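> My questions will all concern the structure given below.
The values are calculated or read from the model by the stated rules, or taken from the named source; none is laboratory data. Everything numeric in this text was worked out from a predicted model, so none of it was measured. Glycine also receives a Cβ, built like all others from the backbone with ideal geometry; neighbour counts cover every protein chain displayed. We work out accessible area using only protein heavy atoms, side chains counted, and drop any ligands, DNA or RNA first. Shrake-Rupley method; radii C 1.70, N 1.55, O 1.52, S 1.80 Å.
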Amino acid sequence: MHFYSTRDVAQKAIGIDAALNAGLAIDGGLYVPSFLPKLSTIDASAGLAEIAYLALQPFFAGSSLAPVLREICAESLNLPMPTVPLLKLDGVELLELFHGPTAAFKDFAARFLASCMCRLRDSKKPIGTVLVATSGDTGGAVAAAFHHRPGFRVVILYPDGRVAPRQAHQLGAFGGNVVAFKVDGSFDDCQAMVKAMFADQALRERVDLLSANSISLGRLLPQMAYYVYAASRAAAKHGSAIDLIIPTGNLGHGVGAMMARAMGAPIQRIVLACNANRTLARTFAGERYQAQPSISTLANAMDVGAPSNFERLAHLFADEIASQSTLAWSFDDLQITSILAKAPTYYGQIVCPHTACGLLALEQLDRIADRPVLIAATAHPAKFDTVVEPIIGQSIVIPQELAALLAKSAVALSMSSNAAELKTFLLGSD
Ligand SMILES: *Cc1c(COP(=O)(O)O)cnc(C)c1O
């Protein structure tokens, strides 16, 4: 298996080890696999780590990681992934992806990426700096995954005042090899600062910068793999392939799910459930793709106007954009508020504002006979207590992992949105 950049017409191939380390391709494109292998028969009772290993194996053929791939899956994808039924609705389940250390689905992919990167690392090299801009959840997941890993430090930038209070606390609570900066600016500013660092050749000669954002192949692949597992398990249980609803921002796990379906996982329709950022909804309704500035919503981890994986989707699945097999719908804060309020009594579930978009998509979906539906529940609602609790009028029990992080003291350093300040920090403490 080889990988090439979406922008390289010559399709010059590189191996997965190089693609994992590189993050973005040098030409600014995203790495895609040279083909999508067909899955062999899946016995979902084997469990997530084993199914993920089988689904991922062809992508790692020829890699130095091939002999340890089973071990990587076992140590990183060892998180619970339960499904819970919704009241009154047969065959509709929430797929809870938030039982990792930071209570959001990004834990799966960040842990897998860290497990790969640690094994790819040459121990004689100086320390590697994982530099991430986060709108809230990525930074925590990446920090948790690399915390205490020798040979790495993590530098997180988040927009001050624009992440949930518990997200901010979590980002500052790691300490050790993790440094959190609260930036006086927007998420787009944070992302621009990170991009400027990666484009600065003089800096990169002195500091080994590593990327862990949602375009990284090492995050895409495990998200494909967990949907192979979740769909196979649900299909075995219900006796039918499923429709899948995915709360979507940068299209990380959305593209993962589309890959899983193309490889033969029992998934029929995929619905990308977005907040008031309408870029994908417009595109899937037939308009030409047009990135927009992001707008702030209650589902802040999906505040994305230029989904970073769209280029990958357009490259791999162009013909699905106008098809009925993949749909993209957008919901505004009023709709999110009303379904958050309704969900506890009506569906028997308290959900986070992102998962709320998934429930809204369910209500809009014309269900086909009794085809089962899985809705990805992307974060624990306790992470967004300041949004959810006033709406539902009750307090949410905090899961144990989140409580442990919240009990620690948190420190975030202030930084302006000036890239020079970040560069000085990176150079000064390498
Ligand atoms: C990141 C995130 C999303 C969006 O996922 P993408 O892969 O960026 O589309 C949805 N919900 C939550 C809670 C998130 O943290």
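> Before we move on, is R278 within 21 Å of L359 (Cβ to Cβ), away from the ligand (no atom under 12 Å from the Cβ) and in contact with a strand residue (DSSP E or B) (Cβ under 6 Å, 6 or more places away or on another chain)?
Judged against the criteria, R278 is a match.
> Among the helices (runs of 4 or more DSSP H) contained in the range 59-168, which hold 2 or more residues that are buried (at least 24 other Cβ atoms within 10 Å of the Cβ) and within 15 Å of the ligand (Cβ to nearest atom)?
Here the list reads 106-120, 137-146.
> Let me ask you something else. Is it the case, given these coordinates, that Q335 is open to solvent by 50 Å² or more (accessible area, probe 1.4 Å), more than 15 Å from the ligand (Cβ to nearest atom) and not in a helix (DSSP H, G or I)?
No; evaluated as a whole, the condition is false for this residue.
> Quick one: in the range 258-274, which of the residues that are part of a helix (DSSP H, G or I) and open to solvent by 10 Å² or more (accessible area, probe 1.4 Å) is farthest from the ligand (Cβ to nearest atom)?
Among those residues, the one meeting the criterion is A262.
> While we're on this one: Considering (1) of a type in the set (A, V, I, L, M, F, W, C); (2) surrounded by 24 or more Cβ atoms within 10 Å (Cβ to Cβ); (3) out of contact with any Gly (no Cβ under 6 Å at 6 or more places or on another chain), say which one I245 fails and leave the rest.
Among (1) of a type in the set (A, V, I, L, M, F, W, C); (2) surrounded by 24 or more Cβ atoms within 10 Å (Cβ to Cβ); (3) out of contact with any Gly (no Cβ under 6 Å at 6 or more places or on another chain), the lone unmet condition for I245 is (3).
> Anything in the range 221-257 that is away from the ligand (no atom under 16 Å from the Cβ) and either under 18 Å from A55 (Cα atoms) or part of a strand (DSSP E or B) (or both)? List them, or say none. It would help to see each step written out before you state the result.
Pass one, the range 221-257, residues away from the ligand (no atom under 16 Å from the Cβ): 228-229, 231-243.
Correct list: V228, Y229, A231, S232, R233, A234, A235, A236, A241, I242, D243.
> Can you name the residue in the range 22-53 that is in a strand (DSSP E or B) and not aliphatic (A, V, I, L, M) and, of all such residues, is surrounded by the most Cβ atoms within 10 Å (Cβ to Cβ)?
Looking at the filtered set, the residue picked out is Y31.
> Select the helices (runs of 4 or more DSSP H) contained entirely in the range 359-430, then report the ones holding at least 1 residues which are among the hydroxyl-bearing types (S, T, Y), within 16 Å of the ligand (Cβ to nearest atom) and open to solvent by 10 Å² or more (accessible area, probe 1.4 Å).
Filter on the range 359-430 gives 385-392.
> Which pairs have Cβ atoms under 6 Å, sit 6 or more apart or on different chains, and link a residue in the range 211-235 that is over 23 Å from V304 (Cα atoms) to one that is of a type outside the set (A, V, I, L, M) and surrounded by 24 or more Cβ atoms within 10 Å (Cβ to Cβ)?
Here the result reads Y226/F108, each pair linking the range 211-235 to a residue that is of a type outside the set (A, V, I, L, M) and surrounded by 24 or more Cβ atoms within 10 Å (Cβ to Cβ).
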